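See structure below.
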Number of protein chains: 2
Amino acid sequence: MTNDGAAGRPITGSGHVPTPLSTRRLGRDQILREAVRFIDANGREQLTMRRLGAELGVEAMALYRYVHGREQLLDGVVEYVMNELYEATMTGKVAESWQEYLQAMAHGVRALAIGHPRIFPLVATRPPAAPWLRPPLRSLRWVEEFLEGLARHGFTGHQSVVVYRAFSTFLLGHLLLEASTQGGEVAPVEDDVEFFETNDLSAYPRLLELSPELSKDAYDNEFEDSLEDLINRMGVLRS
Amino acid sequence: MTNDGAAGRPITGSGHVPTPLSTRRLGRDQILREAVRFIDANGREQLTMRRLGAELGVEAMALYRYVHGREQLLDGVVEYVMNELYEATMTGKVAESWQEYLQAMAHGVRALAIGHPRIFPLVATRPPAAPWLRPPLRSLRWVEEFLEGLARHGFTGHQSVVVYRAFSTFLLGHLLLEASTQGGEVAPVEDDVEFFETNDLSAYPRLLELSPELSKDAYDNEFEDSLEDLINRMGVLRS
DNA sequence: ACCTGAACACCGTTCAAGT
DNA sequence: ACCTGAACACCGTTCAAGT
């Protein structure tokens, strides 16, 4: 598709491999970047070794030189967006209070979930590298830095673990929900239409009564309010 | 595999179709039950139309008479376990207080997650029928009854919606985490070994220091403690 | 060194054909 | 009415072969 024409490829002189212009040499980073882009655009069901190859102007088999297989490719995709998260959350200026710190971390992860709604379920559900590396915080480097930050703000080791656990659970619940309704496999409108066609809500009076309120998008408030609750709860640890 | 021999099948008399004994006639329910059993045993990656057919002593194509395709089959699996949940939580004796009620509901869903750890991710991540039918509570009938129960215990419609939202988020975060470490695609021991072989934790001093505490299984306490917090928070609504 | 062609063992799904 | 055989358009992955 984005193949820039083997026929008209400019040959750049001297004997050796004529590195195609613009299309940089294939490599793990380029592959992962393209995979992320592809999933963002088409959903993870559509991602196929063969299609990803085609998108990069190469046969599927060429990818195996850089990733061990499809599963490892998906792990690589998770790794890729976690690196984005690291850049976004860990390289800015330091927070003044631990409350601000947790706020910044939470909003950073949320931005990832909203920015890549079709990738976030992978971050949330791929089998983790270590059993205690809890989704959606799936990067050793990120978690190390997170614990480090907590320590800087006066948390003991034990307290940090409690915070890490509560924090990851909180993010998983809120963001997986938000991402999966956003990056919906089905367009929301079509969804509703199909739904009311095939389901007779009249058998469910309570749902019928509350469905207007249930349909209201309240993710922003839910997130902010529960985050504040979480932070308050964590404050109790320190007293 | 469970095919009981077309060769030795007993013909039961009069002209019409000789319903095979023990192997009941193929039907949607039997297919879904087998699919659930199969995923519990082998994981959802292994579930294939062809293999499921074989397990039922039939070619894959025969399944299409009862389920529209693989996606619908997975939806059916979710439906199946949600019906189990309904039986488990909604047909017992009624709770005396709303706190007891929420406790019972929460523990019911947790029992589902622990009882079917390899199916729970489906319940948690399949695109929902309606955008406001929030995972992991993926049954109109169940949610209707849940809201009904809240009303019985004196919650207004608006309050019920708030409770439903907080409750679903809570369950999603806690149980998806617990289920995915339990129904692990990789055995936990093998996991740890592989992990320490391929990752040099010495670059992460904080993780190294805290890894013993991080490895501790604390799901029981985490669940009970946060559930209590959640219930307390919901209590504030009513004041 | 890096990519490809051909091949293998699988998929989901359809449809005409068998009983 | 219910199941199957054959076929189609795909997969992931391997490996010897090309340049």
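Every number here is computed from the coordinates shown, using simple stated rules; none is lab data. Small disclaimer: the values here were computed from a predicted structure and weren't measured. All Cβ positions, glycine included, derive from the backbone under ideal geometry; neighbour counts span all protein chains shown.
Key figures for this structure:
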| read-out | value |
| --- | --- |
| Pair A:Ala203, B:Asp217: separation of 7 Å Cα→Cβ label points (nm) | 3.9 |
| Label point 7 Å beyond Cα along the C-beta direction, distances from A:Ala60 to other copies (nm, shortest first) | 1.5 |
| Label spacing, shortest first and in nm, from B:Ser202 to its equivalents in the remaining copies (7 angstrom along Cα→Cβ) | 7.3 |
| Minimum Cβ-to-axis distance in chain A for the rotation onto chain B, with residue, whole Å | A:Gly173, 1 |
| FRET efficiency estimate (nearest 0.05) - Cβ-Cβ, A:Met61 to A:Asn232, R0 41 angstrom | 0.15 |
| Between the stretch A:64-110 and the stretch A:134-172, the Cα center-to-center distance that results, in Å | 13 |
| Exam field: B:Gly43 pseudo-label spacings to other copies (7 Å along Cα-Cβ), nanometres | 2.4 |
| Karplus 3J(HN,Hα) series, Hz, for the stretch B:114-129 with 6.51 cos²θ - 1.76 cosθ + 1.60 (x for Gly, Pro) | 6, x, 10, x, 8, 9, 4, x, 5, 4, 7, 10, 4, x, x, 4 |
